[in-house]
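K.L.:
The structure under discussion is supplied below as structure tokens; questions concerning it will follow.
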Amino acid sequence: MAKYQSYQKQKELPRNEVHPVWRGIGCIIMLILPVISWAAAQLLLEFGKAQKWPFLWELSEVIRFPDWVYQVPGILVAANYISSVPYLKALLIFFFLVLIALSGIFAVLNAVLYRLVGPPRYTALDAPAPRVKVKRYTR
């Protein structure tokens, strides 16, 4: 035994584990958010076409791959499908913009809810030092 080591065993503090409900909420958000974003992108594209947004004309062309892509049997089906979707560039741009916006909103909302009902901020090991005013000692 070392000179300054205590003879008592230290109590093991409980580990802070994330509650399974919070894992479930994160999983649901991760699965549902792309679906919501794709639907919102399609609605936004239809709205933009109805309002005749000028930049949609630039994004209206279909994606065309090099000729060798259409000769590979495994990629042929996917390349034909991608080449047949009109406004795919606009859809992808709107999809990622909506996905970033919604994921930011859900992240802030999740953080607020976790702060309200989650575990305490400090445990016994990382609690801040108490703020005590000490009078300076003078002789």
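K.L.:
Computed from the mean reciprocal separation of all distinct C-alpha pairs, what Kirkwood hydrodynamic radius does segment 83-138 have, in Å?
P.N.:
Values: mean 1/r = 0.0606 Å⁻¹.
The answer is 16.5 Å.
K.L.:
Further question on the same structure: Would you mind checking the tilt of helix 88-117 against the longest principal axis of the Cα atoms of the chain, expressed as 0 to 90 degrees and rounded to 10?
P.N.:
On a 0 to 90 degree scale, this one is about 20.
K.L.:
OK, next. What FRET efficiency do you get for Gln51 and Ala107 if R0 is 30 Å and r is their Cβ-Cβ distance, rounded to the nearest 0.05?
P.N.:
According to the calculation, E is roughly 0.50.
K.L.:
Then there's this: Would you mind computing, in nm to one decimal, how far apart the modelled labels at Ser83 and Val69 are, each placed 7 Å from Cα along Cα→Cβ?
P.N.:
With each label placed 7 Å out from Cα toward Cβ, I get 0.9 nm.
K.L.:
Which length gain, in nm to one decimal place, applies between Gln42 and Asp126 when the Cα-Cα distance is subtracted from 0.36 nm times their residue separation?
P.N.:
Length gained between Gln42 and Asp126: 25.4 nm.
K.L.:
Still on this structure: Report, in deg cm²/dmol and to the nearest 500, the calculated mean residue ellipticity at 222 nm for the chain, where each DSSP H run with n ≥ 4 adds -39500 (n - 2.57) and the sum is divided by the residue count. Working shown, then result.
P.N.:
Numbers: 4 runs with 78 residues, N = 139.
Dividing the helical sum by the residues of the chain leaves -19000 deg cm²/dmol.
K.L.:
While we're on this one: Could you give the angle, 0 to 90 degrees to the nearest 10, between helix 20-51's Cα long axis and the longest principal axis of the Cα atoms of the chain?
P.N.:
That helix lies at roughly 30 degrees to the long axis.
K.L.:
Which one is right for this structure if Cα extents along the principal axes in Å is calculated from it: (1) 62, 32, 29; (2) 75, 31, 21; (3) 87, 40, 34?
P.N.:
(3)
K.L.:
May I pose another question? So what are segment 60-109's ellipsoid semi-axes, whole angstrom, largest first, if each one is the square root of 5 times an eigenvalue of the alpha-carbon gyration tensor?
P.N.:
On the way: eigenvalues 201, 31, 9 Å².
Three semi-axes, in Å: 32, 12, 7.
Bear in mind that the values in this text are calculations on the coordinates, not laboratory data. All values derive from a computational prediction rather than experimental measurement. So basically every Cβ, Gly included, is an ideal-geometry build from the backbone, and we count neighbours across all protein chains shown.
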